[in-house]
Amino acid sequence: MPREKRREQLPMWIGLGLIAFWLLLWLVGIGLGRFPWVILTAVVLINLATFYLYWRDKDAAVNETQRTPEDRLHAMALVGGWPGAWFAQQILRHKTSKQPFRLYYWFTVAANTTALLGWIAWPAFAG
């Protein structure tokens, strides 16, 4: 496989790996009793809503109509919709080249994953 092709696929595998780790954290949290099973429904709905907002924003960009504010896209990523945002970015090829947006997006990924990990691990450190 050519080096350029491998370099191009690396971010995809990093994103998929982070999503797998994030899902594992949710399952561990549920298994440890930190979350009820119904939380998975909320997680799926948040991610579907986030994907929809990205799709709507992409459509608005193409048709030159009112756009979805970037703050709203970031807020949805921060509350747990970052995997939906990641899939929307990959599938729709939307918001993939605007570096300030991407930087803030990756901050939401780190903040969300860190908060989830902290919530699961807190009892072990609380005594």
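The values are calculated or read from the model by the stated rules, or taken from the named source; none is laboratory data. Note that the coordinates shown come from a computational prediction; the quantities given were computed from them, not determined experimentally. For neighbour counting, all protein chains shown are included, and Cβ atoms are generated from backbone atoms with ideal geometry for every residue, glycine included. Surface areas here come from the heavy atoms of the whole protein model, side chains and all, with no ligands, DNA or RNA. Shrake-Rupley method; radii C 1.70, N 1.55, O 1.52, S 1.80 Å.
Tabulated data
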{"read-out": "Enumeration of residues in the range 43-57 that are touching a residue at least 24 places away in the same chain (Cβ under 8 Å) and surrounded by fewer than 15 Cβ atoms within 10 Å (Cβ to Cβ)", "value": "LEU48, ALA49"}
{"read-out": "Breaking point among (1) β-branched (Val, Ile, Thr); (2) open to solvent by less than 60 Å² (accessible area, probe 1.4 Å); (3) more than 18 Å from the chain's Cα centre (by Cα), for VAL62", "value": "(2)"}
{"read-out": "Residue pairs meeting the criteria (Cβ under 9 Å; at least 6 apart or on separate chains; first within 15 Å of TRP26 (Cα to Cα) and surrounded by 12 or more Cβ atoms within 10 Å (Cβ to Cβ), in the range 100-127; second of a type in the set (Lys, Arg) and modelled with pLDDT under 95)", "value": "TRP119/ARG34; ILE120/ARG34"}
{"read-out": "Scan of the range 24-35 for residues that are touching a residue at least 24 places away in the same chain (Cβ under 8 Å), open to solvent by 20 Å² or more (accessible area, probe 1.4 Å) and either assigned to a helix (DSSP H, G or I) or β-branched (Val, Ile, Thr) (or both), ordered by number", "value": "TRP26, VAL28"}
{"read-out": "Selection count where residues are surrounded by fewer than 18 Cβ atoms within 10 Å (Cβ to Cβ) and either on the phi > 0 side of the Ramachandran plot or basic (Lys, Arg) (or both), scope the range 68-99", "value": "3"}
{"read-out": "Criterion: under 22 Å from TRP13 (Cβ atoms) and among the basic types (Lys, Arg) - qualifying residue of ARG93, ARG67", "value": "ARG93"}
{"read-out": "Selection status of TRP13, touching a residue at least 24 places away in the same chain (Cβ under 8 Å), out of contact with any Lys or Arg (no Cβ under 7 Å at 6 or more places or on another chain) and in a helix (DSSP H, G or I)", "value": "no"}
{"read-out": "Output for the range 84-127, where each listed residue is more than 19 Å from VAL44 (Cα to Cα) and in contact with a Ser or Thr (Cβ under 8 Å, 6 or more places away or on another chain)", "value": "ARG102"}
